[in-house]
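Encoded as structure tokens, the structure appears first; notes follow it.
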Amino acid sequence: MTAQTATQPLNRQTYQAGDPAPIRIVHIGLGAFHRAHQAWYTHKADANHEWGIASFTGRSPQAAETLEAQNGLYTLVERAEDADSFEVIESISAAYDGGNIERLAELLSQPTTAIVTLTVTEAAYNLGSDGQLDLTAESVAADAALLSQWWNASAALIGSSGSGRRGVPSTAAARLLTGLDARRRAEAGPIAVVSCDNLSANGTAARNAVRGLASSIAPELADWIDAKVSFVDTSIDRITPRTTDEDIAGVAAATGFADRSPVVTEPFHNWVLCGDFPAGRPAWEHAGAVFVDRIEHFERRKLWLLNGAHSLLAYAGQLRGSDTVAQALRDPACAGWMEEFWNEATEHLIEPELKVDEYRAALLARFGNSRIAHMLAQIAIDGSSKLRMRAVPVIRAERAAGRPGQAAARLIAAWIDYLTKASSDGAGVRDTEAERIMPLLALDGREQTAALVALLDPDFAAEDGIVEMVHTLRGSFQDQ
Ligand code: CS2
């Protein structure tokens, strides 16, 4: 696509947007998905501009700097099979570097701040296979030591007595805990924390991460969290690939605004939420969000059918030479394995309101949208934490029903084959647990399979037949 000369930069003045809405939502994890999802829902639902978002980056400050230069505005490109449509999203009132914990604490100390949303990736919760915070993980241990030091100096994590305080916690849980402690001391009242990451029981996962850290520092912090923080469970869905330079040029050509940070996403969107918002919330239902009393079955449908299939295509597809989801789906072998995996998972998605047939048909169309270049390499990252949610539970459910769970085991086999290939051809292992994975890749044959299966679930390695089944499926991806 060739860009016409963009006529003007994008900001609240050039776009003639109103003043930013007052900040009532704090987000951690300013990335494309957040901007295609929670920020879009808020923009659509908040006609009176009452709910502004302050969005903090996860790691580097760059995304915040780019967005701040545009006063929080960006273009959302909805990419359908036949055409793009463009809309400027106005709900982000401010963007900050995630390391700016003083600002985070300041915002959470305000009683008007009602919600913290999170998109920090599955791996960033640092939970062990028992679902509890892994206090031995290097980043967690470092943050626990830092926060304990601050606490021991002044019985507070941040604030007036902070002179001489050094360092910034790196994990999302530690940053959030610092902000929550400021709220506790300001007596600013209860608040909702809403995880929007692809974890089953993501509200409990967020609680385990934050409360686990709190209780390692001081019991009163954990007690305050128990009394005042509502952890909301959600199932979130919108396929959002990384923005490319071509997308940036396309937005300039189509809109006349030189947006340096547009987001491209599919037309489909879904948000299911379950839990309390003690300090209020936007009417997200006006934008299509659904509030339910029971969410587990919706989570399972999304994590298994969409995300599980994504991971299967990511590993098997790349082993067979595909680069994108749409390409892998056009490969009959990959499409067949995906259907087999869906058939297994569907056995355990029995609630009629899940409308699994419709959901599967819609997924085929969504995955097949070849105008969305969803890179398999992007999906393949952090397989260890993803497969614990996407493959392990399906195998468990199948075995409880007296069947082997072979199609889900194939996903694990594809992951291991992909890892061995990536490490031997020099591409490297892109996984937060790479340091644990790398030595296992030096093992041979069945021993290697057993070790990697055990990394996903220690019980599996001990259970009769699972390692064997995975091992037999290995090496089968390139020959069909
Ligand atoms: C994907 C998800 O990268 C991945 O692991 O499976 O990001 C997926 O695209 C989203 O969950 C869709 O809602």
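Miscellaneous remarks
- Looking only at region 216-245, and only at residues there that are farther than 23 Å from Thr113 by Cβ and out of contact with any strand residue (DSSP E or B) (no Cβ under 9 Å at 6 or more places or on another chain), the one that is nearest to the ligand (Cβ to nearest atom): Asp245
- Residue within region 340-363 that is open to solvent by 30 Å² or more (accessible area, probe 1.4 Å), away from the ligand (no atom under 16 Å from the Cβ), closer than 14 Å to His310 by Cα and out of contact with any Phe, Trp or Tyr (no Cβ under 9 Å at 6 or more places or on another chain) present: yes
- Cβ-Cβ under 8 Å pairs, at least 6 apart or on other chains, region 358-373 side of a type in the set (Val, Ile, Thr), far side in a helix (DSSP H, G or I): Ile372/Val325; Ile372/Ala326
- Taking the listed residues Ala188, Ala155, Ala206, the one that is away from the ligand (no atom under 16 Å from the Cβ), surrounded by 23 or more Cβ atoms within 10 Å (Cβ to Cβ) and touching a residue at least 12 places away in the same chain (Cβ under 8 Å) is Ala206, with no other qualifying.
- Test result for Val194, at pLDDT 95 or above and either within 16 Å of the ligand (Cβ to nearest atom) or out of contact with any Lys or Arg (no Cβ under 8 Å at 6 or more places or on another chain) (or both): yes
- Yes/no for Ala289 being farther than 27 Å from Thr112 by Cβ and either open to solvent by less than 30 Å² (accessible area, probe 1.4 Å) or more than 16 Å from the ligand (Cβ to nearest atom) (or both): no
- Residue match in region 224-242 (condition: charged (D, E, K, R) and at pLDDT below 95): yes
- Filter result for the condition that a residue is on the phi > 0 side of the Ramachandran plot and either surrounded by fewer than 22 Cβ atoms within 10 Å (Cβ to Cβ) or under 17 Å from the mean Cα position of the chain (by Cα) (or both), over Gly280, Gly250: Gly280
- Positions within region 292-318 being surrounded by 18 or more Cβ atoms within 10 Å (Cβ to Cβ), assigned to a helix (DSSP H, G or I) and away from the ligand (no atom under 14 Å from the Cβ), in sequence order: Ala316
- Of the criteria (1) part of a helix (DSSP H, G or I); (2) out of contact with any Ser or Thr (no Cβ under 8 Å at 6 or more places or on another chain); (3) open to solvent by less than 10 Å² (accessible area, probe 1.4 Å), which one Gln149 fails: (3)
- Subset tally (residues that are part of a strand (DSSP E or B), among the polar types (S, T, N, Q) and farther than 15 Å from Arg35 by Cα) for region 221-277: 3
- Region 364-386, residues that are within 9 Å of the ligand (Cβ to nearest atom) and in a loop (DSSP other than H, G, I, E, B): His374, Ile381, Asp382
- Selection count where residues are closer than 25 Å to Cys334 by Cβ and modelled with pLDDT under 95, scope region 457-473: 2
The values are calculated or read from the model by the stated rules, or taken from the named source; none is laboratory data. These numbers come from a predicted model, not from an experiment. Backbone-built Cβ (ideal geometry, glycine too); neighbour counts: all protein chains shown. The protein model used for the area step is the full one, side chains on, heavy atoms only, and it has no ligands, DNA or RNA in it. Shrake-Rupley method; radii C 1.70, N 1.55, O 1.52, S 1.80 Å.
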